[in-house]
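This report concerns only the one structure given below.
The values are calculated or read from the model by the stated rules, or taken from the named source; none is laboratory data. Just so we're clear, the structure is a prediction, and the values are computed from it rather than from any experiment. Glycine gets a Cβ as well: all are built from the backbone with ideal geometry, and neighbour counts include every protein chain shown. We work out accessible area using only protein heavy atoms, side chains counted, and drop any ligands, DNA or RNA first. Shrake-Rupley method; radii C 1.70, N 1.55, O 1.52, S 1.80 Å.
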Amino acid sequence: MNTQQLIADAVRNSKDRSESTLWDALFSIWFRRLVYTQIWEDPEADLAALQLPIGSTIVTISSGGCNALSYLTAKPAQVFAVDLNEAHLALLELKLAGLRALPDYASFWQFFGEGTAADNADVYRRRLRPALDRDARGYWDERDFRGRPRYRYFTDGFYRHGALGHFIGFAHLLARLAKIDLDVLLKGAPDSPERQAALQRVDRLFHSRFARMLTGTPALLFSLGIPPQQRELLGGDQPLNEVLHQRLLRLIDVYPNETNYFAWQALSRSYPGPGDRCLPLYLQESRYQQMRAGAGLVIPVHENLRVFLESLPARQIDAVVLLDSQDWMAPDEIRALWDAIDRAGKEQVRVIFRTAGAESPLETEPLAPLQQTWQRDATRSAIGFDRDRSGIYGGFHCYMRRSGSVG
(Lines give C-alpha, C1' and ligand atoms only; values in the text may rest on other atoms or scores of the structure.)
Protein backbone atom coordinates (compact mmCIF):
# COMPACT_ATOMS: atom_id res chain seq x y z
CA MET A 1 0.00 0.00 0.00
CA ASN A 2 1.47 3.39 -0.98
CA THR A 3 1.93 6.39 1.31
CA GLN A 4 -1.01 8.32 -0.10
CA GLN A 5 -3.40 5.40 0.54
CA LEU A 6 -2.03 4.97 4.07
CA ILE A 7 -2.67 8.63 4.82
CA ALA A 8 -6.10 8.42 3.19
CA ASP A 9 -7.01 5.55 5.51
CA ALA A 10 -5.66 7.48 8.50
CA VAL A 11 -7.85 10.53 7.87
CA ARG A 12 -11.05 8.83 6.79
CA ASN A 13 -13.87 9.79 9.13
CA SER A 14 -16.22 6.84 8.76
CA LYS A 15 -15.97 3.06 8.94
CA ASP A 16 -16.89 2.59 5.29
CA ARG A 17 -14.25 4.11 3.01
CA SER A 18 -16.95 4.72 0.37
CA GLU A 19 -18.53 7.25 2.73
CA SER A 20 -15.39 9.37 2.95
CA THR A 21 -15.88 12.82 1.52
CA LEU A 22 -14.09 14.64 -1.25
CA TRP A 23 -12.51 16.84 1.44
CA ASP A 24 -11.04 13.72 3.08
CA ALA A 25 -9.46 12.69 -0.21
CA LEU A 26 -8.07 16.17 -0.85
CA PHE A 27 -6.63 16.36 2.66
CA SER A 28 -4.87 13.00 2.28
CA ILE A 29 -3.11 14.39 -0.81
CA TRP A 30 -2.34 17.70 0.88
CA PHE A 31 -0.89 16.06 3.99
CA ARG A 32 1.89 14.32 2.06
CA ARG A 33 3.64 17.69 2.00
CA LEU A 34 5.85 19.27 4.62
CA VAL A 35 3.15 20.67 6.90
CA TYR A 36 4.94 21.47 10.18
CA THR A 37 8.44 22.92 10.34
CA GLN A 38 7.90 22.99 14.11
CA ILE A 39 5.65 20.67 16.09
CA TRP A 40 2.84 22.46 17.97
CA GLU A 41 2.59 20.25 21.07
CA ASP A 42 4.70 21.43 23.98
CA PRO A 43 7.22 18.70 24.94
CA GLU A 44 7.73 20.20 28.40
CA ALA A 45 4.01 19.74 29.05
CA ASP A 46 4.27 16.16 27.78
CA LEU A 47 7.14 15.31 30.11
CA ALA A 48 5.45 16.98 33.09
CA ALA A 49 2.35 14.84 32.53
CA LEU A 50 4.17 11.59 31.77
CA GLN A 51 6.69 11.76 34.66
CA LEU A 52 8.72 8.97 33.07
CA PRO A 53 11.41 7.02 34.89
CA ILE A 54 14.94 7.02 33.45
CA GLY A 55 15.42 4.33 30.81
CA SER A 56 11.86 4.41 29.44
CA THR A 57 10.93 3.36 25.92
CA ILE A 58 8.75 5.96 24.20
CA VAL A 59 6.69 5.68 21.02
CA THR A 60 5.56 8.99 19.54
CA ILE A 61 4.16 10.29 16.31
CA SER A 62 7.11 12.13 14.80
CA SER A 63 5.65 15.15 13.02
CA GLY A 64 8.56 17.62 12.71
CA GLY A 65 10.67 15.67 15.19
CA CYS A 66 11.00 18.46 17.78
CA ASN A 67 9.35 16.43 20.53
CA ALA A 68 11.03 13.12 19.76
CA LEU A 69 14.38 14.87 20.23
CA SER A 70 13.23 16.88 23.24
CA TYR A 71 12.19 13.67 25.02
CA LEU A 72 15.91 12.83 25.22
CA THR A 73 16.01 15.18 28.23
CA ALA A 74 14.06 12.46 30.12
CA LYS A 75 17.02 10.05 29.56
CA PRO A 76 15.02 7.35 27.77
CA ALA A 77 16.35 4.02 26.51
CA GLN A 78 14.76 4.58 23.09
CA VAL A 79 12.38 6.91 21.28
CA PHE A 80 10.54 5.51 18.27
CA ALA A 81 9.33 8.40 16.06
CA VAL A 82 6.59 6.99 13.83
CA ASP A 83 4.92 8.81 10.96
CA LEU A 84 3.23 8.27 7.61
CA ASN A 85 4.36 11.66 6.31
CA GLU A 86 7.72 11.14 4.58
CA ALA A 87 8.46 14.88 4.61
CA HIS A 88 8.24 15.03 8.40
CA LEU A 89 10.45 11.97 8.78
CA ALA A 90 12.98 13.54 6.38
CA LEU A 91 13.05 16.60 8.65
CA LEU A 92 13.72 14.46 11.71
CA GLU A 93 16.45 12.59 9.79
CA LEU A 94 18.04 15.92 8.88
CA LYS A 95 18.06 17.06 12.52
CA LEU A 96 19.66 13.78 13.56
CA ALA A 97 22.25 14.21 10.82
CA GLY A 98 22.94 17.70 12.14
CA LEU A 99 23.59 16.38 15.63
CA ARG A 100 25.98 13.77 14.24
CA ALA A 101 27.78 15.81 11.59
CA LEU A 102 27.89 19.47 12.65
CA PRO A 103 30.83 20.48 14.84
CA ASP A 104 29.23 22.62 17.55
CA TYR A 105 26.11 24.33 18.90
CA ALA A 106 26.70 27.52 16.88
CA SER A 107 26.57 25.62 13.59
CA PHE A 108 23.55 23.58 14.71
CA TRP A 109 21.76 26.77 15.73
CA GLN A 110 22.62 28.52 12.45
CA PHE A 111 21.09 25.71 10.42
CA PHE A 112 18.10 24.60 12.50
CA GLY A 113 17.43 27.57 14.80
CA GLU A 114 17.85 30.47 12.39
CA GLY A 115 17.55 28.66 9.07
CA THR A 116 18.42 31.83 7.14
CA ALA A 117 22.15 31.74 6.28
CA ALA A 118 23.12 31.55 2.60
CA ASP A 119 26.00 29.19 3.39
CA ASN A 120 23.57 26.66 4.90
CA ALA A 121 23.27 25.29 1.36
CA ASP A 122 26.95 24.45 1.40
CA VAL A 123 26.68 23.07 4.95
CA TYR A 124 23.95 20.74 3.73
CA ARG A 125 25.93 19.53 0.71
CA ARG A 126 29.24 19.03 2.55
CA ARG A 127 28.17 17.84 6.01
CA LEU A 128 24.51 16.82 6.23
CA ARG A 129 23.78 15.17 2.89
CA PRO A 130 26.42 12.44 3.33
CA ALA A 131 24.92 11.57 6.74
CA LEU A 132 21.39 11.00 5.38
CA ASP A 133 19.83 7.78 4.16
CA ARG A 134 18.64 7.53 0.57
CA ASP A 135 15.01 8.51 1.24
CA ALA A 136 15.82 11.61 3.31
CA ARG A 137 18.54 12.67 0.87
CA GLY A 138 16.09 12.27 -1.99
CA TYR A 139 13.52 14.46 -0.24
CA TRP A 140 15.87 17.36 0.50
CA ASP A 141 17.57 17.16 -2.92
CA GLU A 142 14.27 17.14 -4.79
CA ARG A 143 13.21 20.42 -6.36
CA ASP A 144 9.99 22.12 -5.35
CA PHE A 145 7.45 23.71 -7.70
CA ARG A 146 9.76 26.72 -8.13
CA GLY A 147 12.64 24.53 -9.24
CA ARG A 148 14.70 24.97 -6.04
CA PRO A 149 16.10 22.02 -4.08
CA ARG A 150 14.30 21.79 -0.75
CA TYR A 151 17.49 22.10 1.29
CA ARG A 152 17.52 25.75 0.27
CA TYR A 153 14.57 26.31 2.59
CA PHE A 154 17.23 26.70 5.27
CA THR A 155 18.81 29.68 3.47
CA ASP A 156 15.86 32.09 3.42
CA GLY A 157 13.89 31.43 6.60
CA PHE A 158 13.05 27.77 7.13
CA TYR A 159 10.10 28.53 9.42
CA ARG A 160 8.43 30.47 6.63
CA HIS A 161 8.11 27.21 4.68
CA GLY A 162 5.79 24.26 5.06
CA ALA A 163 2.03 24.43 4.72
CA LEU A 164 1.60 25.94 8.18
CA GLY A 165 4.40 28.47 7.64
CA HIS A 166 2.70 29.64 4.45
CA PHE A 167 -0.64 29.84 6.25
CA ILE A 168 0.89 31.95 9.03
CA GLY A 169 2.39 34.19 6.34
CA PHE A 170 -1.10 34.63 4.86
CA ALA A 171 -2.42 35.46 8.35
CA HIS A 172 0.34 38.06 8.73
CA LEU A 173 -0.77 39.66 5.47
CA LEU A 174 -4.34 39.90 6.77
CA ALA A 175 -3.01 41.39 10.01
CA ARG A 176 -1.13 44.10 8.11
CA LEU A 177 -4.24 44.93 6.10
CA ALA A 178 -6.15 45.19 9.39
CA LYS A 179 -3.34 47.41 10.81
CA ILE A 180 -2.52 44.94 13.59
CA ASP A 181 0.98 45.47 14.98
CA LEU A 182 2.30 41.92 15.42
CA ASP A 183 5.56 43.13 16.94
CA VAL A 184 3.65 44.91 19.69
CA LEU A 185 1.58 41.77 20.32
CA LEU A 186 4.77 39.74 20.67
CA LYS A 187 7.03 42.13 22.59
CA GLY A 188 4.82 44.83 24.08
CA ALA A 189 4.08 45.10 27.79
CA PRO A 190 0.87 43.14 28.49
CA ASP A 191 -1.12 46.15 29.72
CA SER A 192 0.35 48.78 27.40
CA PRO A 193 -2.16 50.88 25.42
CA GLU A 194 -0.46 49.85 22.16
CA ARG A 195 -0.86 46.15 22.86
CA GLN A 196 -4.43 46.53 24.03
CA ALA A 197 -5.23 48.42 20.82
CA ALA A 198 -3.65 45.61 18.79
CA LEU A 199 -5.74 43.01 20.65
CA GLN A 200 -8.89 45.01 19.91
CA ARG A 201 -8.03 44.99 16.21
CA VAL A 202 -7.50 41.22 16.41
CA ASP A 203 -10.96 40.90 17.94
CA ARG A 204 -12.54 42.94 15.15
CA LEU A 205 -10.75 40.92 12.46
CA PHE A 206 -11.83 37.54 13.86
CA HIS A 207 -15.45 38.68 14.17
CA SER A 208 -15.65 40.20 10.72
CA ARG A 209 -17.82 38.79 7.95
CA PHE A 210 -14.65 37.99 6.02
CA ALA A 211 -13.32 35.84 8.89
CA ARG A 212 -16.59 33.92 9.13
CA MET A 213 -16.45 33.23 5.40
CA LEU A 214 -12.79 32.24 5.50
CA THR A 215 -13.12 29.82 8.42
CA GLY A 216 -16.07 28.18 6.69
CA THR A 217 -13.76 26.91 3.94
CA PRO A 218 -12.38 23.43 4.81
CA ALA A 219 -9.47 23.71 2.36
CA LEU A 220 -8.12 26.76 4.20
CA LEU A 221 -7.76 24.76 7.41
CA PHE A 222 -5.72 22.10 5.60
CA SER A 223 -2.75 24.45 6.03
CA LEU A 224 -3.20 24.16 9.79
CA GLY A 225 -3.05 20.38 9.46
CA ILE A 226 -6.77 20.16 10.31
CA PRO A 227 -8.66 17.44 8.39
CA PRO A 228 -12.45 17.61 7.88
CA GLN A 229 -13.38 15.47 10.91
CA GLN A 230 -11.16 17.50 13.24
CA ARG A 231 -12.68 20.71 11.93
CA GLU A 232 -16.07 19.57 13.25
CA LEU A 233 -14.58 18.71 16.65
CA LEU A 234 -12.76 22.03 16.80
CA GLY A 235 -15.88 24.04 16.14
CA GLY A 236 -18.25 22.11 18.37
CA ASP A 237 -21.30 24.26 18.98
CA GLN A 238 -19.42 27.55 18.47
CA PRO A 239 -18.61 29.40 15.25
CA LEU A 240 -15.15 28.39 14.08
CA ASN A 241 -13.91 31.97 13.85
CA GLU A 242 -14.74 32.43 17.55
CA VAL A 243 -12.96 29.20 18.57
CA LEU A 244 -9.83 30.14 16.61
CA HIS A 245 -9.87 33.59 18.21
CA GLN A 246 -10.01 32.06 21.70
CA ARG A 247 -7.16 29.67 20.89
CA LEU A 248 -5.02 32.50 19.50
CA LEU A 249 -5.52 34.52 22.68
CA ARG A 250 -4.52 31.53 24.79
CA LEU A 251 -1.37 31.21 22.67
CA ILE A 252 -0.26 34.86 22.75
CA ASP A 253 -1.94 36.35 25.83
CA VAL A 254 -1.73 33.81 28.68
CA TYR A 255 1.90 32.73 28.95
CA PRO A 256 4.81 35.22 28.99
CA ASN A 257 5.87 35.66 25.38
CA GLU A 258 9.51 36.11 26.36
CA THR A 259 9.58 32.39 27.24
CA ASN A 260 6.94 31.11 24.81
CA TYR A 261 8.56 30.08 21.54
CA PHE A 262 5.15 29.06 20.15
CA ALA A 263 4.07 32.71 20.30
CA TRP A 264 7.28 33.67 18.46
CA GLN A 265 6.54 31.19 15.71
CA ALA A 266 2.94 32.40 15.41
CA LEU A 267 3.80 36.11 15.33
CA SER A 268 7.22 36.15 13.64
CA ARG A 269 7.84 32.65 12.17
CA SER A 270 11.22 32.63 13.93
CA TYR A 271 12.89 32.13 17.31
CA PRO A 272 14.32 35.07 19.28
CA GLY A 273 17.90 33.81 19.36
CA PRO A 274 20.32 31.11 20.55
CA GLY A 275 20.62 30.07 24.18
CA ASP A 276 18.05 28.50 26.52
CA ARG A 277 15.33 30.99 27.37
CA CYS A 278 12.77 30.73 24.57
CA LEU A 279 13.46 27.62 22.51
CA PRO A 280 12.37 23.99 22.16
CA LEU A 281 14.41 21.75 24.46
CA TYR A 282 16.36 20.18 21.59
CA LEU A 283 17.55 23.61 20.40
CA GLN A 284 18.69 24.89 23.79
CA GLU A 285 22.41 25.42 24.15
CA SER A 286 22.66 23.79 27.57
CA ARG A 287 21.00 20.64 26.15
CA TYR A 288 23.15 20.39 23.02
CA GLN A 289 25.65 17.82 24.28
CA GLN A 290 22.81 15.70 25.64
CA MET A 291 21.11 15.84 22.23
CA ARG A 292 24.33 14.81 20.47
CA ALA A 293 24.96 11.95 22.86
CA GLY A 294 21.38 10.67 22.61
CA ALA A 295 20.73 11.11 18.89
CA GLY A 296 21.25 7.41 18.27
CA LEU A 297 18.37 6.61 20.62
CA VAL A 298 15.83 8.29 18.32
CA ILE A 299 14.62 5.85 15.65
CA PRO A 300 12.50 7.22 12.75
CA VAL A 301 9.87 4.75 11.51
CA HIS A 302 7.79 5.15 8.33
CA GLU A 303 4.67 3.23 9.27
CA ASN A 304 1.10 3.40 10.50
CA LEU A 305 1.36 3.76 14.29
CA ARG A 306 -1.02 0.90 15.06
CA VAL A 307 0.77 -1.43 12.68
CA PHE A 308 4.12 -0.51 14.23
CA LEU A 309 2.84 -1.17 17.76
CA GLU A 310 1.47 -4.52 16.63
CA SER A 311 4.93 -5.45 15.34
CA LEU A 312 6.63 -4.93 18.71
CA PRO A 313 7.18 -7.60 21.36
CA ALA A 314 4.57 -7.53 24.12
CA ARG A 315 5.08 -5.35 27.23
CA GLN A 316 7.91 -3.26 25.77
CA ILE A 317 6.61 0.33 25.87
CA ASP A 318 6.51 2.80 28.77
CA ALA A 319 4.80 5.72 27.02
CA VAL A 320 2.84 6.43 23.85
CA VAL A 321 2.35 9.97 22.51
CA LEU A 322 -0.55 10.15 20.06
CA LEU A 323 -0.52 13.93 19.44
CA ASP A 324 -4.01 14.74 18.06
CA SER A 325 -4.21 11.75 15.70
CA GLN A 326 -7.41 10.29 17.14
CA ASP A 327 -9.35 13.36 16.01
CA TRP A 328 -8.74 12.05 12.49
CA MET A 329 -9.76 8.46 13.11
CA ALA A 330 -12.89 6.32 12.96
CA PRO A 331 -13.98 4.54 16.18
CA ASP A 332 -12.99 1.08 14.87
CA GLU A 333 -9.46 2.27 14.12
CA ILE A 334 -9.19 3.94 17.55
CA ARG A 335 -10.23 0.68 19.24
CA ALA A 336 -7.61 -1.23 17.24
CA LEU A 337 -4.96 1.34 18.19
CA TRP A 338 -5.69 1.03 21.92
CA ASP A 339 -5.67 -2.77 21.64
CA ALA A 340 -2.20 -2.49 20.12
CA ILE A 341 -1.10 -0.18 22.95
CA ASP A 342 -2.54 -2.62 25.49
CA ARG A 343 -0.46 -5.48 24.03
CA ALA A 344 2.81 -3.56 23.54
CA GLY A 345 2.62 -1.45 26.69
CA LYS A 346 4.11 -2.33 30.05
CA GLU A 347 1.84 -2.62 33.08
CA GLN A 348 2.32 1.07 33.95
CA VAL A 349 2.27 2.35 30.36
CA ARG A 350 1.20 5.99 30.04
CA VAL A 351 -0.59 7.42 27.02
CA ILE A 352 -1.02 11.12 26.26
CA PHE A 353 -2.83 12.91 23.46
CA ARG A 354 -4.50 16.18 22.56
CA THR A 355 -7.96 16.85 21.15
CA ALA A 356 -9.33 19.76 19.15
CA GLY A 357 -12.35 19.84 21.44
CA ALA A 358 -12.35 19.30 25.18
CA GLU A 359 -13.73 15.75 25.24
CA SER A 360 -11.61 12.61 25.06
CA PRO A 361 -12.75 10.12 22.42
CA LEU A 362 -12.63 7.38 25.08
CA GLU A 363 -15.43 9.20 26.91
CA THR A 364 -17.77 8.91 23.91
CA GLU A 365 -20.40 6.17 23.63
CA PRO A 366 -18.82 4.17 20.75
CA LEU A 367 -15.53 3.81 22.68
CA ALA A 368 -16.89 3.51 26.22
CA PRO A 369 -15.82 -0.18 26.51
CA LEU A 370 -12.17 0.97 26.45
CA GLN A 371 -12.75 2.50 29.89
CA GLN A 372 -12.83 -1.02 31.35
CA THR A 373 -9.07 -1.12 30.68
CA TRP A 374 -8.01 2.53 30.59
CA GLN A 375 -8.52 5.31 33.12
CA ARG A 376 -8.00 9.03 32.53
CA ASP A 377 -5.65 10.57 35.07
CA ALA A 378 -7.34 13.92 35.75
CA THR A 379 -4.39 15.35 37.66
CA ARG A 380 -1.80 14.60 35.01
CA SER A 381 -4.18 15.68 32.26
CA ALA A 382 -4.64 19.04 33.99
CA ILE A 383 -0.88 19.45 34.37
CA GLY A 384 -0.38 18.82 30.66
CA PHE A 385 -3.14 21.22 29.63
CA ASP A 386 -2.02 24.00 31.97
CA ARG A 387 1.62 23.79 30.88
CA ASP A 388 1.02 23.53 27.13
CA ARG A 389 2.17 26.93 25.89
CA SER A 390 0.99 26.37 22.33
CA GLY A 391 -2.56 26.90 23.56
CA ILE A 392 -4.15 25.60 20.36
CA TYR A 393 -5.85 22.46 21.67
CA GLY A 394 -9.09 22.13 23.58
CA GLY A 395 -8.03 19.10 25.63
CA PHE A 396 -4.97 17.30 26.99
CA HIS A 397 -5.49 13.72 28.15
CA CYS A 398 -3.27 11.29 30.06
CA TYR A 399 -4.41 7.67 30.43
CA MET A 400 -3.07 4.71 32.41
CA ARG A 401 -4.25 1.15 32.84
CA ARG A 402 -6.79 0.43 35.51
CA SER A 403 -5.39 -1.63 38.35
CA GLY A 404 -5.58 -5.34 37.59
CA SER A 405 -6.49 -4.90 33.91
CA VAL A 406 -3.28 -6.39 32.44
CA GLY A 407 -4.09 -9.50 30.46
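The single residue among R402, R389, R343 that is farther than 14 Å from V321 by Cα, of a type in the set (K, R) and modelled with pLDDT under 95 turns out to be R402. Report, by residue number, each residue of the range 370-382 that is open to solvent by less than 30 Å² (accessible area, probe 1.4 Å), farther than 18 Å from P43 by Cβ and part of a helix (DSSP H, G or I). Within the range 370-382, just L370 meets the criteria. Of all the numbered requirements in (1) of a type outside the set (F, W, Y); (2) farther than 21 Å from R402 by Cβ; (3) in contact (Cβ under 8 Å) with a residue 12 or more places away in the chain, G345 misses one, and that requirement is (2). Across the range 28-39, not a single residue is classified as open to solvent by less than 30 Å² (accessible area, probe 1.4 Å), at pLDDT 95 or above and of a type in the set (F, W, Y).
Could you say whether any residue in the range 290-298 is surrounded by 17 or more Cβ atoms within 10 Å (Cβ to Cβ) and in contact with a Ser or Thr (Cβ under 7 Å, 6 or more places away or on another chain)? The answer is no; no qualifying residue exists. Exactly one residue among F396, F385 is in a strand (DSSP E or B), within 30 Å of H245 (Cα to Cα) and out of contact with any Pro (no Cβ under 9 Å at 6 or more places or on another chain), and that residue is F396.
Being of a type outside the set (D, E), in contact with a Lys or Arg (Cβ under 8 Å, 6 or more places away or on another chain) and open to solvent by less than 40 Å² (accessible area, probe 1.4 Å) holds for only one residue in L305, L367, and it is L367.
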